[in-house]
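Have a look at the structure below, then the notes.
The values are calculated or read from the model by the stated rules, or taken from the named source; none is laboratory data. Bear in mind that the values here come from a model prediction, so they are computed numbers and not experimental data. All Cβ positions, even for glycine, are placed from backbone atoms using ideal geometry, and neighbour counts span all protein chains on display. Heavy atoms of the whole protein, side chains included, go into the accessibility calculation; ligands, DNA and RNA do not. Shrake-Rupley method; radii C 1.70, N 1.55, O 1.52, S 1.80 Å.
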Amino acid sequence: MYLPFAGETAPATFLIGGAGAGKTELALNLSVYKSRRFSGSTLIDLDIVNPFFRVRKLRDAMQELGVAVICPDKRVLASDIPALPAAAWGALERTDRAVICDIGGGEQGLRPLGRLKDIAEQRHANVFFVVNPFRPGFATLTELAASFKHLSELSAMTVTHLVANPNLSAETTPELFAEGVAMVREFADRSGVQFAFALAAAELAPGLGITTADLPGFYELADLTVFVLERYWSVPWHFGVAE
């Protein structure tokens with residue numbers, strides 16, 4: 001069965017969306033997935049907003065999985081200064097390696113993307129807008145449309161795909177998952193932005209009828225592609241800031 005996002009090797013992928021959408025979890029899993037299939041990947045930490053949920057805190061673990069992590073200089077590592085790491089430019093210019101960029105939510109996190117707009121377009125990057133329809137500001141189609149418009153304009157990038165992450169942590173049920181996916185799909189139909197896939201935690205997969213053999217991984221559920229994730233942030237406070 002052909003799963004386009006499982007097989008494609010887009011040279012760069014940017015993840016944007018609201019705070020708490022699940023971008024960092026997706027960035028970590030997508031980087032590991034591509035590293036295993038395409039001989040390594042690069043994960044660029046551009047999250048300057050959330051001091052707790054940042055991929056830089058898992059840098060050593062990611063590097064052991066073949067994922068090169070680029071983050072700001074250690075002098076601003078734990079700060080909220082909107083500084084783009086110099087190495088990000090070189091990584092984005094490479095066409096032989098998958099690159100995933102984790103972007104912070106909200107205005108402060110998206111503004112730095114304007115500096116990368118041209119190079120992203122030259123790389124024909126995927127720009128995934130991650131939607132958790134159970135987060136404030138995304139709970140109705142009207143709210144979702146307004147938030148999508150606002151955050152997309154701030155990013156200065158053209159969103160290429162929508163990714164649904166119907167997630168209430170351990171309280172997520174198959175019914176809630178289906179409800180959330182349906183809402184994001186309806187918004188995709190109304191907005192004309194292509195729906196890519198949905199995200200599901202490994203513990204939810206059996207309830208959805210998905211038998212996982214390899215995680216993280218893409219699976220087909222009827223007419224829906226699901227990217228099943230491993231949880232890296234179940235106990236985020238256990239991770240210290242990388243040196």
#### Entry: the stretch 138-145 - phi-based ³J(HN,Hα) in whole Hz, Karplus 6.51/-1.76/1.60, Gly and Pro as x
9, 7, 10, 4, 5, 5, 4, 4
### Rounded to whole Hz, the Karplus (6.51, -1.76, 1.60) HN-Hα couplings of the stretch 123-134, x for glycine and proline
7, 6, 5, 7, 10, 8, 9, 8, 10, 9, x, 9
### Task
Starting from the Cα of THR173, move 7 Å in the Cα-to-Cβ direction to define the label point; list residues of the stretch 198-218 whose amide nitrogen is under 20 Å from there.
199-210
### Task
Could you pull out every residue, at least 5 positions away or on a different chain, whose amide H is within less than 5 Å of the one on THR225? Hs are placed 1.01 Å off N in the peptide plane, and Pro or chain starts have none.
ALA198
### Query
Given H placed on each backbone N at 1.01 Å, which residues far from VAL99 in sequence or on other chains put an amide H within less than 5 Å of it?
ALA12, THR13, THR42
### Query
So what J values fall out for the stretch 162-175 if you push phi through Karplus, 6.51 cos²θ - 1.76 cosθ + 1.60 with θ = phi - 60°, rounded to Hz, Gly and Pro as x?
9, 10, 8, 10, x, 9, 10, 6, 5, 8, 5, 10, x, 5
### Query
Counting only residues 5 or more places away or on other chains, whose amide H sits under 5 Å from the amide H of LEU168 once H atoms are built in the peptide plane?
none
### Query
How much of THR172 can a 1.4 Å solvent probe reach, expressed as accessible area in Å² and rounded to 10?
20 Å²
